[in-house]
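Peer 1: Just dropping this structure here.
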Amino acid sequence: MKGQIRLLLVDDEPLVLRSMEKSLLRAGFEVGTAGNVRAGWEAFTAARDAGEPFDLAILDLQMPDFEGRDNPRAGLELLGRLLESDADLPVILLTAFDEVARAKEAVARGARAYFVKGREAALVELVGSILEQQG
């Protein structure tokens, strides 16, 4: 069953993206990746339109926005678009230690959780816990 769970992972740092992707793949998830919010939105809409929507999204908080400018709130912009399109989509916001206040804002805006980068095993556990709650 876990192999059927599709995750969207969006982060503009290639090494971080690859590390998280590897951990999630090893845990048995199918993972789609994107390196910016525009590519993340395109991957989300393409999957939805193909009838194979993502079951959960994991978004970096700070990355280039839809206009390509570095933006500490770009993840919030993508969060808004995703939830506008699919209000039930569980979303986890990735953050660095100094961004916790913005991550808490993301939860207030509908994200299920925020997660401080760097502990992939704990991220896998968090994903599993959120999906389990989904039923």
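Peer 1: Which members of region 1-48 meet the condition of being closer than 23 Å to residue 66 by Cβ, without any contact (Cβ under 8 Å) to a residue 12 or more places away in the chain and aliphatic (A, V, I, L, M)?
Peer 2: Listed by number, the list holds a single entry, 46.
Peer 1: Specify the residue that is surrounded by the fewest Cβ atoms within 10 Å (Cβ to Cβ); the eligible residues are those in region 64-99 that are hydrophobic (A, V, I, L, M, F, W, C) and within 12 Å of residue 117 (Cβ to Cβ). Even if it seems obvious, please write down each step before you answer.
Peer 2: The initial filter retains those residues of region 64-99 that are hydrophobic (A, V, I, L, M, F, W, C), namely 66, 74, 76, 78-79, 82-83, 87, 89, 91-94, 96-97.
Checking the rest, the ones that are also within 12 Å of residue 117 (Cβ to Cβ) come to 92-94, 96-97.
On the way: 92: 24, 93: 26, 94: 26, 96: 14, 97: 8.
Among those that are hydrophobic (A, V, I, L, M, F, W, C) and within 12 Å of residue 117 (Cβ to Cβ), it is 97.
Peer 1: Oh, and also: Name every residue in region 6-16 that is of a type in the set (A, V, I, L, M) and at pLDDT below 95, in order of residue number.
Peer 2: 15, 16
Peer 1: Kindly check whether there is at least one residue in region 125-132 that is in contact with a helix residue (DSSP H, G or I) (Cβ under 6 Å, 6 or more places away or on another chain) and of a type outside the set (A, V, I, L, M).
Peer 2: At the first step, the residues of region 125-132 found to be in contact with a helix residue (DSSP H, G or I) (Cβ under 6 Å, 6 or more places away or on another chain) are none.
Checking region 125-132: not a single residue is in contact with a helix residue (DSSP H, G or I) (Cβ under 6 Å, 6 or more places away or on another chain) and of a type outside the set (A, V, I, L, M).
Peer 1: Here is a follow-up. Name the single residue, out of those in region 25-56 being touching a helix residue (DSSP H, G or I) at 6+ places or on another chain (Cβ under 6 Å) and small (Gly, Ala, Ser), that is surrounded by the fewest Cβ atoms within 10 Å (Cβ to Cβ).
Peer 2: Top of the filtered list is 28.
The values are calculated or read from the model by the stated rules, or taken from the named source; none is laboratory data. Remember, it's a predicted structure, so these values are computed and weren't measured experimentally. In this analysis, Cβ positions are derived from the backbone assuming ideal geometry, glycine residues included, and neighbour counts consider all displayed protein chains.
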